[in-house]
Amino acid sequence: MPSSKPVTRVCVLRSGGEYKPAHVQWLGRQVPGLVCLSDVEVPGVPVVPMQHDFPGWWSKIELFSNAIPGDLLYFDLDTVVLGDVEALEAVGQTTMLSDFYRLNQPASGLMYIAQQDKQPVWEAWMKNPETHMQRCRTTQHWGDQGFLRDLLPCKRWQDLMPGAVVSFKVHCKAGVPAGAQVVCFHGQPRPWSANQSWIPSC
């Protein structure tokens with residue numbers, strides 16, 4: 001059953017990098033009602049302006065600022081959504097991926113962020129963003145997920161919805177597994193260059 005709480009479906013686009021408004025539009029065709037937290041306009045997709053200039057993937061931390069109030073269902077831009085988004089919303093509690101290669105580590109490519117879990121993360125981040133970014137450049141604390149790991153109590157998609165969230169590189173060598181609802185493209189190839197008939201064109 002879907003969660004009774006309203007949930008905003010959201011992605012993040014920081015300009016100046018690999019991803020462009022066209023990639024937000026591509027994801028929006030898969031995720032009805034998608035909203036983008038961004039520093040640029042995206043034709044056809046509602047945009048919530050970023051308030052800070054955190055670089056690259058660190059811009060995702062602004063999801064915890066309450067710029068978009070309420071619970072959030074977050075998708076990385078290189079995500080293929082094959083199933084019912086409402087099934088993902090039904091978890092109703094903060095949830096991250098288990099890293100597809102290091103299952104004990106969290107990954108942030110697909111997240112359900114509950115409203116009540118935002119403030120502690122945001123307050124800790126804003127005490128010293130530069131220090132956090134420097135510390136999490138190491139392999140032991142890699143990126144935003146390294147920062148979130150120490151602060152965010154969460155479930156894991158692979159435990160709550162076994163088989164529903166898969167990796168293109170790990171699980172799709174012989175095609176998409178039965179029951180998969182989300183395929184994560186962490187790193188190369190990106191979905192639009194993977195040359196698979198089940199991937200929507202960009």
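The values are calculated or read from the model by the stated rules, or taken from the named source; none is laboratory data. Here the structure is a predicted model, which means the values were calculated and not measured. The accessibility values were calculated without ligands, DNA or RNA, using every heavy atom of the protein model including side chains. Shrake-Rupley method; radii C 1.70, N 1.55, O 1.52, S 1.80 Å.
Using C-alpha pairs below 8 Å separated by at least 6 residues, the relative contact order for region 44-112 is 29 percent.
Looking at region 64-202, the accessible area is 46 square angstrom per residue; that uses a 1.4 Å probe and ignores ligands, DNA and RNA. Close amide H partners of VAL48, meaning residues 5 or more places away or on another chain with modelled amide H under 5 Å apart, are CYS36, LEU37, SER38. Restricting the calculation to alpha carbons of region 22-68 gives Rg and Dmax of 10.8, 28 angstrom. GNM remark for the chain: springs join alpha carbons under 10 Å apart, and the peak mean-square fluctuation among LYS127, LYS169, LYS155 falls on LYS127.
Taking SER197, SER59, SER15 and ordering them by how much accessible surface each has at a 1.4 Å probe, largest first, produces SER197, SER15, SER59.
For HIS52, what accessible surface area do you get with a 1.4 Å probe? Give it in Å², rounded to 10. Probe radius 1.4 Å; accessible area of HIS52 about 60 Å².
These residues, GLU41, GLU89, go from largest to smallest accessible area, 1.4 Å probe, as GLU41, GLU89. Relative contact order of region 1-85, taken over Cα pairs closer than 8 Å and 6 or more residues apart, is 38 percent.
Here the convex hull built on the C-alpha positions of the chain has a volume of 116 cubic angstrom per residue. Contact order for the chain, expressed relative to its length and based on alpha carbon pairs under 8 Å spaced 6+ residues apart, stands at 21 percent. Taking the alpha carbon gyration tensor of region 1-86, multiplying each eigenvalue by 5 and rooting it gives semi-axes of 20, 16, 11 Å, largest first. Of the three principal axes defined by the Cα atoms of region 86-190, the extents in descending order read 45, 29, 22 Å.
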